Amino acid sequence: MRWLRIVPVLALVVAAGCATAGPRELDPEATLATVRPTADNVLARWDRAATSNEITVYQPLGAFRQVGDWEPALGDSKAALLAGLVEAAGALPAAPDRRDVRLHDGRTRPVRPLSAAETLDRAKRLAMRDAPSACPTCSPLRVAGARLVSAALGTVGGRATAPAWELRLEGSAVRLVAVAVPDSAVTELEAFGRPEGQNAGSWIERADPVDGPALAVVFPAAPYGADKPCGADYTGEAVESARAVVVLLATIRYYEKEGPDDCPAGVQQLTIPLRRPLGDRVVLQLFTGVPVEKMG
């Protein structure tokens, strides 16, 4: 989603135009009023999913999770894993009998787990889909064995525990864990797209609860305050429900500069008040509707 991260800075540059250089005030209410309905929709969808009888996940199911650190002698192992270069060195265990997914509230859902080979294949497909590069010089990691374990599964309702395969690699103490729940047993909460005509300036890189109660949020922004060329100042607010929070951001002041629009990207931090402490609620991205990846 890199495009969401650079648009706020570009929008500021476009707004600068060719007028006399110096700080310019903006009314943030116009931006905030435009995106509040989207925030309400994001929260309503999350709340519906959290109270449904389905197992609803917000990330692709079955990605590799690395346990342990790569040995220095294994060189390109990390790159190989990111590229999905993992193969079975021999036969792997068959699918077990039914197992339970234990939900955050203690309820259980029976599922028929995938075999170790099926779990490996799905995890490889996910890695190759999201691979930063194909890594043609990497040697494949070889799976020497597998055992059935339990692993955490992030769901909209809270953290669940699900059957998974722990994959043992040749020549390394690192283990790879991948959830073995079949795709048919869950519902994936698809990411929203940016609504047409709406400002794209509310991507949150990190959100940490602080005293107040409040959230300290870090977001892509102008590199300086509005007292300098290429700078801007921001404000924000939180839209809250019983289970989640969406942070809205808006520019209140920017530095209108003369000359080429060659402003670098940056990040800024704001403290956003909450009506009550965050607690076990999650912070959701405005234009995807899924949780912020980095939360304190």
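All of the numbers you see were taken from the coordinates with simple rules; none came from a lab. Bear in mind that the values here come from a model prediction, so they are computed numbers and not experimental data. Virtual Cβ from ideal backbone geometry, glycine too; neighbours counted across all protein chains shown.
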Would you be so kind as to identify which of ALA44, ALA151, ALA116 lies farthest towards the positive end of the dipole of the chain, taking Lys and Arg as +1 and Asp and Glu as -1 on Cβ and the Cα centre as origin? ALA116
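Quick one: SER115, SER202, fewest Cβ neighbours within 10 Å first, how do they rank?
Numbers: SER115 16, SER202 25.
By the 10 Å Cβ count, ascending, the order reads SER115, SER202.
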Can you figure out the FRET efficiency of THR161 with ARG36, using R₀ = 30 Å and their beta-carbon distance, to the nearest 0.05? 0.25
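HIS104 to ARG142: extension gain in nm, 0.36 nm per residue of separation minus the Cα-Cα distance?
Values: separation 38, 0.36 × 38 = 13.68 nm, distance 3.42 nm.
Full extension of this stretch gives 10.3 nm more.
Under a Cβ-only charge scheme (Lys and Arg +1, Asp and Glu -1), can you give me the dipole magnitude of the range 134-244 about the Cα centre, in debye to the nearest 20?
640 debye
Where does the chain land at 222 nm, in deg cm²/dmol rounded to the nearest 500, when only DSSP H runs of n ≥ 4 count, each adding -39500 (n - 2.57), divided by all residues? Numbers along the way, then the final one.
On the way: 4 runs with 58 residues, N = 296.
Dividing the helical sum by the residues of the chain leaves -6500 deg cm²/dmol.
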Roughly what % of Cα-Cα distances in the chain sit above 32 Å, to the whole percent? 41 percent
Can you give me the angle between helix 28-50 and the longest principal axis of the chain, using Cα atoms only, in degrees from 0 to 90, rounded to the nearest 10? 20 degrees
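Antiparallel as a % of all DSSP beta bridges within the chain, to the nearest 5?
Values: 53 of 63 bridges.
Of all bridge pairs located within the chain, approximately 85 percent are antiparallel.
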How big is the charge dipole of the range 56-185 about its Cα centre, in debye rounded to the nearest 20, if each Lys and Arg gets +1 on its Cβ and each Asp and Glu gets -1 on its Cβ? 400 debye
Rounded to the nearest 10 degrees, what's the angle between the helix 2-16 long axis and the longest principal axis of the chain, both from Cα atoms, 0 to 90? 10 degrees
Can you give me the distance in nm between label points at ASP183 and ASP121, each placed 7 Å from the Cα along the Cα-to-Cβ direction? 1.2 nm
How high is the FRET efficiency from ASP76 to ALA173, r the C-beta distance, R0 30 Å, rounded to 0.05? 0.95
Size of the dipole of the chain about the Cα centre, Lys and Arg at +1 and Asp and Glu at -1 on the beta carbon, nothing else charged, in debye to 20? 1000 debye
Give me D for the range 56-185 in µm² s⁻¹, whole number, from Stokes-Einstein with Rh from the Kirkwood sum over alpha-carbon pairs, 37 °C and 0.692 mPa s. 217 µm²/s
